[in-house]
Amino acid sequence: MITRRLARPLSQSSSSAWVCPACIGSPFAPRQAAASILPQTRRQQPQQRRSIHHVPPLTYDATFQQDGIPNFISKYGYKIAWTEYQALMVQKLNELTAGEPYEHSLTKDLAIQFARDPMSASLFNHASMAHNNHYFFSTLSTHPSKLDNHPSLKQSLISTFGSIETLQMTMLDTASAMFGPGFVWLIWARDLDIVGTRRGGWRILTTYLAGTPYVEAGYRQQGIDTNTNNASSQSAYRGPISNNVGYMGQYTKANMDKAKLPPGGTNAQPVLCVNTWEHVWLRDYGISGKRAFLSDWWDTVDWGAVEQIAPKESKGPAQFIRY
Amino acid sequence: MASRLALSKSTPLAHLRPRQRRTYASEIESTYTNPHADQQFIAGALDGSKSHAVQSATTSPAPTTPDPDQVLRDYEFSQHQKAVTSKIGSTLAPHYRPHELLSNPPSPKDITLELLLASQAHIGHSTSLWHPANAKYIFGVLAQTPSDPIHIISLDATAAYLRRAAKIVSGVTERGGLVLFVGSRGGQASTVVRAAGLAGGCHLFTKWIPGTITNGQQILGKCGKKVVDHRDEAVPGFEEQLIKSAAVKPDLVVCLNMLENYVLLHECALNNIPTIGILDTDCNPTWITYPIPANDDSLRSVQVIAGVLGRAGEEGQKKRKVNAARGRLPMRQDHGLEAPGEEGEGVGGLGKEMSALMAAERFGEDEVELEGRDVGGEVEEVDASLLEDGMEAEGVEVPYERDEGVDIRNWDTETGERMGRRSEQVGSAQRSARTGGSLGGGERSHVDPTWDGETGERYDEGGVKRR
């Protein structure tokens, strides 16, 4: 089945022209006989459109292609997980955004814009996946820096988690417990509930499949496995439903006056993530090697890159969130 | 017992028996203030978390001045997050962003045929609407529909003329000239404002009031004027002279829509103000001094051209400021001002009205010079007032060297006129066009970029000084 978002005939936009048998002959994928009005040469000409999205360059891409990521992923696994998979995501992005007014939008902006549009689910998925996959590979390097070399970041993490071992255990156990592909994130989140303070703290977040960690697209965070939850646990996950009439709730004058976001600002900065999709670790660790993959990942994280991504206030004095 | 009962009946007299005073609920209610009276509501989540008493859910919290450090932290956080996350996901190929033509306009060095083509600068009008004098700028005819062929402007001509115009604008601003950017079509307001801001000039995006130059004293008479020195700092002491002085005229006019501004261009031609204009295929090239053959109907092409000229003006301003800081000033400074406190007699006692009338008279004096010419015939006699070498016959050296402050050496005390006098408000401004036998809006190059500031000698064969 093809997604409804494609309003153009499939043969025009995609180079991979597979169409499910039920859709052949529909207006979206006309048979070749109907399309033979076009001259033969034109039909056989490959798509000459200049692409707008390109695979982003990784700093150590050349080394990774030759030798793989040391002590982590081989060069064949890297080829699958990054070179081919990111190219696939970018190609799908180009196909889905070609000719549209948002064709020059960034992947993050696409994810936020289409988080609540089920007709654009495919576009959201590919944009978010491209974004998350690049996030994962941006914290890997040939000579990773240890966390001990970044004392302010380490101290900040210890303040929240108690110890680095606890942080490691929490992240890796969470990732192991996730059944199915997804990502596990370490996020710096700012607490905006109380006006005048911006107390921030570290949080660990799970996103199944291509869920996004950004709060603006929270509708598609996909933080829990909906198959193992019922309505009440899901609503508890989503948070308490507040009354939208009367003197309490988000539409009262008091709450409307409260700034939900700082001026021009945001409230979450993802800092580190691990990609638990099978195609990343299947070739090197085997079908039952998820645990080994995760522990190897923890040893390979480049904490220097993490420190650069982390915001300045997360590396300062300790901050607590109290509930 | 009876006494107690008696007491209970006589309540008003209770104060007489303090030992058996009773307190009544009404008394307590009237005097008691509940310390928790403000806490009317308990806010919080359904499961009891985050519960805290609030004074009132309907009143907004007392407005607190935002902590400046917090605002800075918020800003830094959001900027960092934007910078980090926008690069992640995919790399976007360079593409056209409309706002960048205003926020970061292209420079003269960025002029390429690709840029002009992408900005639709080559698209002309229907062939039936063309002006035949533009034939040399036209590349050919595009007939997508046989009923409506259009002309295509040759982009190498566009590029060449645009580069020349940029040089002119930068040359004028380098010598302290005033450039006026005019664009009265819809959407051109922000363009001209931005270009004028870069070049340190003036802008106009509404209708040109006819007579703003030819009848300037009437239309601009109430506008403020000031005298600035080479460092662009206001110089006090010229207030009286400014009241008498004429209204300011621009030294160069850039017009983005020629067809709608005929009156402006005609006035500039009458006053020998050079004009640069975007020449579409249906425009009359004789209306302007320096054409830029390009499409004036596309906002994108207009923004590219105006942006380039604005950037050129910015470069000229930068050079002027560098020169001024080093003390290298433009040579001719015909501002027509006297040093404050050295005014001639009979001037100080004039009222404001008389001064304004005298200013109007002096404004028209430029016309007097024109009347001296033999219209239609060749110019053989040049009016004496036009000759800058009026003093040369007496052997006085013409001051082409650097000026230090107000120069009154060429002040003719007899006639009370300055040689080649012209009312200039800006201290080091130079007029880029002169009277003296010029045909209005002629082909002469008014600003010579090869002017040598050191020797400053530019003589014509006929002995008449030229700029």
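The values are calculated or read from the model by the stated rules, or taken from the named source; none is laboratory data. Remember, predicted model here, so these are calculated numbers, not experimental data. Neighbour counts are summed over all protein chains in view; Cβ atoms, including those assigned to glycine, are modelled from backbone coordinates with ideal geometry. SASA here: full protein model, heavy atoms, side chains in, ligands and nucleic acids out. Shrake-Rupley method; radii C 1.70, N 1.55, O 1.52, S 1.80 Å.
Applying the selection to the stretch B:312-331, what residues are outside any helix (DSSP H, G or I) and under 13 Å from B:GLY200 (Cβ atoms)?
Scanning the stretch B:312-331 gives no hits.
Across the stretch B:113-166, what is the total count of residues that are touching a Phe, Trp or Tyr at 6+ places or on another chain (Cβ under 9 Å), outside any helix (DSSP H, G or I) and of a type in the set (A, V, I, L, M)?
Total satisfying the criteria: 3.
Go through B:SER90, B:SER119 for me and flag whichever is at pLDDT 95 or above, touching a Ser or Thr at 6+ places or on another chain (Cβ under 7 Å) and within 14 Å of chain A (Cβ to nearest Cβ).
Among B:SER90, B:SER119, only B:SER90 is at pLDDT 95 or above, touching a Ser or Thr at 6+ places or on another chain (Cβ under 7 Å) and within 14 Å of chain A (Cβ to nearest Cβ).
Which residue out of B:SER49, B:SER56 is more than 30 Å from A:THR59 (Cβ to Cβ), within 14 Å of chain A (Cβ to nearest Cβ) and at pLDDT 55 or above?
Unique residue meeting the criteria: B:SER49.
Take B:LEU117 and tell me if it is without any contact (Cβ under 8 Å) to a residue 40 or more places away in the chain and surrounded by 13 or more Cβ atoms within 10 Å (Cβ to Cβ).
So B:LEU117 passes the test.
Would you please name the residue that is least open to solvent (accessible area, probe 1.4 Å), looking only at residues in the stretch B:70-86 that are within 7 Å of chain A (Cβ to nearest Cβ) and charged (D, E, K, R)?
Within the stretch B:70-86, the match that is least open to solvent (accessible area, probe 1.4 Å) is B:ASP74.
What pairs come up if the first residue lies in the stretch B:84-104 and is without any contact (Cβ under 8 Å) to a residue 12 or more places away in the chain and over 20 Å from A:LEU58 (Cβ atoms), the second is surrounded by 13 or more Cβ atoms within 10 Å (Cβ to Cβ) and hydrophobic (A, V, I, L, M, F, W, C), and their beta carbons are under 8 Å apart, counting only those six or more places apart or on different chains?
What qualifies is B:HIS95/A:ILE52.
With (1) out of contact with any Cys (no Cβ under 8 Å at 6 or more places or on another chain); (2) more than 25 Å from B:VAL322 (Cβ to Cβ); (3) of a type outside the set (Lys, Arg) as the list, and B:ASN104 as the residue in question, which single condition is left unmet?
Result: B:ASN104 fails condition (2) only.
For A:GLY201, state whether it is surrounded by fewer than 19 Cβ atoms within 10 Å (Cβ to Cβ) and part of a helix (DSSP H, G or I).
Here the answer is no, as A:GLY201 does not meet what is asked.
Would you mind telling me which numbered condition in (1) open to solvent by 50 Å² or more (accessible area, probe 1.4 Å); (2) at pLDDT 95 or above; (3) not polar (S, T, N, Q) B:LEU204 fails?
Failed condition: (1).
Does the stretch A:126-144 contain any residue that is within 8 Å of chain B (Cβ to nearest Cβ), without any contact (Cβ under 8 Å) to a residue 60 or more places away in the chain and outside any helix (DSSP H, G or I)?
No, the stretch A:126-144 has no match at all.
Residues being under 20 Å from A:ALA189 (Cβ atoms) and open to solvent by less than 30 Å² (accessible area, probe 1.4 Å): count how many of those fall in the stretch A:160-177.
Number of matching residues: 4.
Tell me, please, whether a residue that is within 21 Å of B:GLU100 (Cα to Cα), among the hydroxyl-bearing types (Ser, Thr, Tyr) and within 15 Å of the chain's Cα centre (by Cα) can be found in the stretch B:188-203.
Yes, there is a match, as at least one residue in the stretch B:188-203 is within 21 Å of B:GLU100 (Cα to Cα), among the hydroxyl-bearing types (Ser, Thr, Tyr) and within 15 Å of the chain's Cα centre (by Cα).
Just give me the residues in the stretch B:264-289 being β-branched (Val, Ile, Thr) and not in a helix (DSSP H, G or I), in sequence order.
B:ILE273, B:THR275, B:ILE276, B:ILE278, B:THR281, B:ILE288, B:THR289
If you check A:GLU100, A:GLU84, which single one turns out to be more than 13 Å from chain B (Cβ to nearest Cβ), part of a helix (DSSP H, G or I) and either at negative phi or of a type outside the set (Ser, Thr, Tyr) (or both)?
Answer to the check: A:GLU84.
Here are some residues: B:GLY200, B:GLY176, B:GLY224. Which one is under 25 Å from B:GLU260 (Cα atoms) and of a type in the set (Gly, Ala, Ser)?
The unique qualifying residue is B:GLY200.
Applying the selection to the stretch A:47-73, what residues are in contact (Cβ under 8 Å) with a residue 40 or more places away in the chain and more than 21 Å from A:ALA305 (Cα to Cα)?
A:ARG49, A:SER51, A:ILE52, A:HIS53, listed by residue number.
Which of (1) modelled with pLDDT of 95 or more; (2) basic (Lys, Arg); (3) loosely packed, with under 15 Cβ neighbours inside 10 Å does A:LYS108 not meet, given it meets every other one?
(3)
Please work out if A:VAL280 is at pLDDT 95 or above, within 11 Å of chain B (Cβ to nearest Cβ) and within 30 Å of the chain's Cα centre (by Cα).
Answer is no for this residue.
So is B:LYS222 basic (Lys, Arg), in a loop (DSSP other than H, G, I, E, B) and out of contact with any helix residue (DSSP H, G or I) (no Cβ under 9 Å at 6 or more places or on another chain) or not?
It is true that B:LYS222 is basic (Lys, Arg), in a loop (DSSP other than H, G, I, E, B) and out of contact with any helix residue (DSSP H, G or I) (no Cβ under 9 Å at 6 or more places or on another chain).
Going by what's in this entry, would B:LEU180 be described as in contact (Cβ under 8 Å) with a residue 60 or more places away in the chain and within 23 Å of B:HIS335 (Cα to Cα)?
Yes.
Filter the stretch A:286-306 down to residues that are open to solvent by 50 Å² or more (accessible area, probe 1.4 Å) and over 22 Å from A:ALA175 (Cα atoms), then give me how many there are.
Final tally of qualifying residues: 0.
Here are the criteria: (1) among the polar types (S, T, N, Q); (2) open to solvent by 30 Å² or more (accessible area, probe 1.4 Å); (3) in a helix (DSSP H, G or I). Tell me which single one B:THR214 does not satisfy.
(3)
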